[in-house]
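Trainee: Please find one structure pasted underneath; my questions will follow.
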Amino acid sequence: MTMIIMSTDRPNKSQLELHATRKDFEFYLKRAGFTYEVCEGSWLGKREQSYMITLKNGAGHGYTELKNMAFDRFNQDAVLRVTAYGGVKLKGREKTCEYLGEFTEVDAIPANQCYTQSFKTGRIYTTV
């Protein structure tokens, strides 16, 4: 399945602002028909709440909309795009794109590496 992994968090927001932004985004995802999992992620050594969102009808459907929302509405620096085959690309705000490797499930949170962990299942993913 093709996914986008993104966050709505910013370090300058209060806990109250973070909570409100997350709830608004979750409402949007449900209303728009996206399937998603709430996760903990690590970005540049900092933990944050993020979302693994399954794109509608397979590859690409909804990706541009969500990517633009991440950059324009939530002021994010980058999003991850995971292809149906497991390849991961880091897409930056400035139209940058970097291939990171394969999206792989691991047994433990890796040291000194970005990861995503599903709150629902406890599964931990990273790139190899």
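Trainee: Using the charge dipole of the chain (Lys, Arg: +1 at Cβ; Asp, Glu: -1 at Cβ; taken about the Cα centre), state which of 62, 5, 76 has its Cα farthest towards the positive end.
Mentor: Of 62, 5, 76, it is 62.
Trainee: Can I ask one more? Given 23/95; 30/95; 56/120; 23/120, which pairs have Cα atoms separated by over 26 Å?
Mentor: Flagged as over cut-off: 23/95; 30/95.
Trainee: Another one. Taking 2.2 N^0.38 Å as the expected size of a compact globular protein, what ratio does the Cα radius of gyration of the chain give against it, to two decimals?
Mentor: Output field value: 0.98.
Trainee: Within a 10 angstrom radius of the beta carbon, how do 14, 50 rank from fewest other beta carbons to most?
Mentor: Ascending Cβ contact count within 10 Å gives the list 14, 50.
Trainee: Counting only other residues whose beta carbon sits under 9 Å from that of residue 50, what net charge do I get with K and R as +1, D and E as -1?
Mentor: Local net charge: -3.
Trainee: To the nearest 500 deg cm²/dmol, what mean residue ellipticity at 222 nm is calculated for the chain from DSSP H runs of n ≥ 4 alone, each contributing -39,500 (n - 2.57), summed and divided by the residues?
Mentor: -7000 deg cm²/dmol
Trainee: Mind checking region 1-110 for GluC sites (Glu not before Pro) that DSSP puts in a loop (not H, G, I, E or B) and that have at most 10 other Cβ atoms within 10 Å?
Mentor: In loop regions of region 1-110 (DSSP not H, G, I, E or B), the sparsely surrounded GluC sites (Glu not before Pro) are 94.
Read the figures in this text as sums done on the coordinates, not as results from a lab. Remember, predicted model here, so these are calculated numbers, not experimental data. Note that we place each Cβ from the backbone using ideal geometry, even for glycine, and neighbour counts take in every protein chain shown.
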